[in-house]
1. From the residues in region 527-536 that are in contact with a Ser or Thr (Cβ under 6 Å, 6 or more places away or on another chain) and assigned to a loop (DSSP other than H, G, I, E, B), which one is least open to solvent (accessible area, probe 1.4 Å)?
2. Looking only at region 316-338, which residues are more than 11 Å from S370 (Cα to Cα) and either in contact (Cβ under 8 Å) with a residue 60 or more places away in the chain or aliphatic (A, V, I, L, M) (or both)?
3. Looking only at region 72-96, count every residue that is within 20 Å of G116 (Cβ to Cβ), of a type outside the set (S, T, Y) and crowded, with 17+ Cβ neighbours inside 10 Å and tell me the total.
4. If you check S339 against the conditions, is it farther than 23 Å from S248 by Cβ and open to solvent by 40 Å² or more (accessible area, probe 1.4 Å)?
5. Of all strands (runs of 3 or more DSSP E) completely enclosed by region 553-631, which ones contain at least 3 residues that are at pLDDT 80 or above and over 30 Å from I539 (Cβ atoms)?
6. With T485, T541, T545, T553 as the choices, which residue is open to solvent by 70 Å² or more (accessible area, probe 1.4 Å), over 26 Å from F608 (Cβ atoms) and not hydrophobic (A, V, I, L, M, F, W, C)?
7. Among the residues of region 247-265, what is the count of those that are open to solvent by 30 Å² or more (accessible area, probe 1.4 Å) and more than 24 Å from C301 (Cβ to Cβ)?
Amino acid sequence: MKNLIITIAAFFVSFSSFALFGPITGTGSICTGSTDYLYEDTTGGTWSCTSSHLSINPSSGLISGISAGTAIVTYTIGTDVLTHPVTVTPSPAVIMGPTHVCQGSTITLLDATPGGTWSDPATGTIAGVLSVDSVTGVVSGLSSGTKIVSYTTANGCYSVMPISVYPSAPILGSASACPDDTMIFSNAVPGGTWTSSLPGIASYYYLSTFVAWSSGTTVISYNTSAGCTTTKTVTVLPMPSAILGTPSLCLGSTTTLADMVPGGVWTSSAPLVAPVGSASGIVSGIISGPSIITYTLGTGCSVTTTITVGPLPSSVFTVTGGGSYCAGGTGTTIGLSGSVPGTVYGLFTGGTMYYYALGTGAPISLSAISLPGVYSIIANPGSTCTTTMSGSATVSITPTVTPTDSIIVSPGSTVCQGTMVYFTVVSSGGGTSPYYVWFKNGSAVTPGITFSYIPANGDVLFGILSSSAPCASPASVLSNTITMTVDVPTVTATASPASCGGTSTLTATGAFAYSWLPPSGLACATCGTTSLFPPASAIYTVTGTDALGCSDTATIAVDGNRIYGHISYTGLSTDTLNVWLIQFNPADSSIAAVDSQYTCMDSGSPYFEFDDVTAGNYMVKAALLGTIPGTSGYVPTYSLSSPHWDSAVTIAHGSSADAMNITMVYGTVPSGPGFIAGFIYAGAGKATSGDAPVQGMLIYLQDALGHTITSAITDGTGAYSFSNIAEGSYYVYPENYKYYTTTSALITLSSGSDTVTSVNFKQHTTFGTITPYDFTKVPQPVITTGLSLYPNPTTGNLNIQWTNQATGNATISVSDMTGREVYTTSYRMNAASGKTEIDLGSLENGMYLINIKSDKVLYSDKLARISN
């Protein structure tokens, strides 16, 4: 036993006498937030570092960069000591920007640290997924997958962010169609949805099918489930209009078809039956039967119509007879030089069949034709294909002249200016041109029984019938003499301003009867003076007619730009209300009174009206003035009967008339000595170096039910205040549309405690929140060293290692870049040095902030989560 002890002692003596081989190897510089290892060939020693810039694991030699500066690392084995300087350089800020990009699109990444270079290192990534511009940080999506992008500063330190590229593919399918066609599209990425920018041109039907409706251009979009969108411009080509023209023709004849859309080509389905000119649209009847005629545009869109070619009667004969006969006679005879047995022959004048006869194979004679006119004969009248016989016959009546000739003046010898007047001889018995001659103001103007023209005032008309006229008596006859009177009325129109009640008055003069257009809003559309309500902006036209039936028109413009309404409440109706026009600013939810007026009485009801209001968002508020019997207790009331402006209805006013009626709300408007005030600061806390007052923030005071009572704006020191507040309970609510705000705790004012100050808030610019804050109790952060995280970036399992720390309970929390907490846990630090592991596998890829807090520890760092 003694020999064994001596041997062991000798071994220790021998071991302790070994010298360190040195030197220490490994990195001489490290970035903040990063880790690395130092090495020494002689094992069994202890690593240490007293600098706050760097921490080191005493056994493994793992170093962690904490803050910028230079630290001395010591390796001790027995009495031997080696040292190694390590420089800690600052890492760039956290990369900001989107975490994904669609294939074929770009995003832009930003970093607050200037001077760095962007790259997409190949380690652990998928080649060809994306590319990044080294200077601008613009990332282009190349193919689906995930790849890490890094930002490296000149000192070699970097920040990373994983970027996912979502798949996207082009839309396949035709880029054009005709109206009523269906279009089928496809996309290589499944599961997306289809839309059309202009459904009136082409709309979605089902699956990937669209229906073309009308000519024009629309954009078809395919939206994948990942939010990527590809588009295809589709043109619905112009469609010809319906074909115009007769759908039938007879053998040997032609008909012309037309289309309102020019530039097309005509074709026939049966060119041997009915060929058509390709450019002219002229169809020729060659053989009896049908043919489909198609009109096609250069776009390929077409319309069709069916043409039927029918047979014609075979023989054409000559019309004979006709002539004049004296008034009172039996008429004259019209005939046809031949006929075909069984064929119907119709005698036509003025487009109407006067008589008909059945062919016998011999000539036809039709006697006692007394109706004056030009006659023709048509074979097979009423059928599709007819043949008009050659020539025509004219029948006329020669009137017999008698001394009782007279003139009918239509519409009369007194007419309105511009009226056509017709002069006709009656009972003349035979005064046809050229035997009857008209005279105007002593000069002959035209022969004939009838004469028409537009007269001037004072014109003298008469006519003379010559005795040489057929069927006339030997003496000539002098007809009536007519002197013309022309009536010219003049109508004027005026409009008076709107009266109490919103009524304008329109007045017309210069006529006997009136008619107003448009009639809407007028009390009387046929009166010379009428009232208009509501007086919307419009042009009114009045037509005035005098006692002779002559008319004239005048127009008047009415300006209807106004906001108006009636106010109702129980009690006496008197002019004791004031109304405010209040403009609402949706940008910051603030209001401002821009006009006010007293009400007037409209049929026993208070009425208000604001004229020529500029465009904007408005509400109105009414308040009773003085003490009125039966009205005590009505509170100031906003538009559409709300006691609070924050719930009052606003109206988007343009340039027309808008009604905003108010029914007064019964209640109380308490006031009192109450006072509430506080500060809004951004930074570490009031009176600290990082503290900054927030100037110009909108602060609302709300009652216990959440109704906004009033508002205030913080001054240059960040201070705000509310005074003259009634006893009760209130909330204070700062407003900034970019921040999520937490209201104050319920504030109660009473007779014993009517002043509350230091209702303060802190604006957290990093997390985008505004929260209540006690600036007098802001804890000072504890600068903690000896804490390190690895690996960072992490794929899920994260190691937390500490040295030289106070024991106790610690809280570990992880927040995303919006400040939302996504992970939290507690851990008992039983020893001054140790290590634990947490599982962050449930987090999505991206950048996070990790915080470790205890009574003596306050540690924060950036953390990147990436895929395996």
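1. Across region 527-536, the extreme among qualifying residues is P535.
2. If the condition is that a residue be more than 11 Å from S370 (Cα to Cα) and either in contact (Cβ under 8 Å) with a residue 60 or more places away in the chain or aliphatic (A, V, I, L, M) (or both), then V316, F317, T318, V319, T320, G321, L336 are the ones that fit.
3. Residues in region 72-96 being within 20 Å of G116 (Cβ to Cβ), of a type outside the set (S, T, Y) and crowded, with 17+ Cβ neighbours inside 10 Å: 4 in total.
4. Against the criterion (farther than 23 Å from S248 by Cβ and open to solvent by 40 Å² or more (accessible area, probe 1.4 Å)), S339 does not qualify.
5. In region 553-631, the matching strands (runs of 3 or more DSSP E) lie at 577-585, 616-624.
6. T553
7. Adding up the residues that qualify gives 5.
Residue-by-condition table, conditions (1) of a type in the set (G, A, S); (2) over 22 Å from the mean Cα position of the chain (by Cα); (3) at pLDDT below 85:
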{"site": "A202", "(1), (2), (3)": "yes, no, no"}
{"site": "Y206", "(1), (2), (3)": "no, yes, yes"}
{"site": "F210", "(1), (2), (3)": "no, yes, no"}
{"site": "I220", "(1), (2), (3)": "no, no, no"}
{"site": "T224", "(1), (2), (3)": "no, yes, no"}
{"site": "T231", "(1), (2), (3)": "no, no, no"}
{"site": "L237", "(1), (2), (3)": "no, yes, no"}
{"site": "G245", "(1), (2), (3)": "yes, yes, no"}
{"site": "C250", "(1), (2), (3)": "no, yes, yes"}
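The values are calculated or read from the model by the stated rules, or taken from the named source; none is laboratory data. As the structure is a computational prediction, the values presented were derived from the model and not from experiment. Note that each Cβ is placed from the backbone with ideal geometry, even for glycine, and that neighbours are counted across all protein chains shown. Heads up: the accessible areas ignore ligands, DNA and RNA and are worked out on the full protein's heavy atoms, side chains in. Shrake-Rupley method; radii C 1.70, N 1.55, O 1.52, S 1.80 Å.
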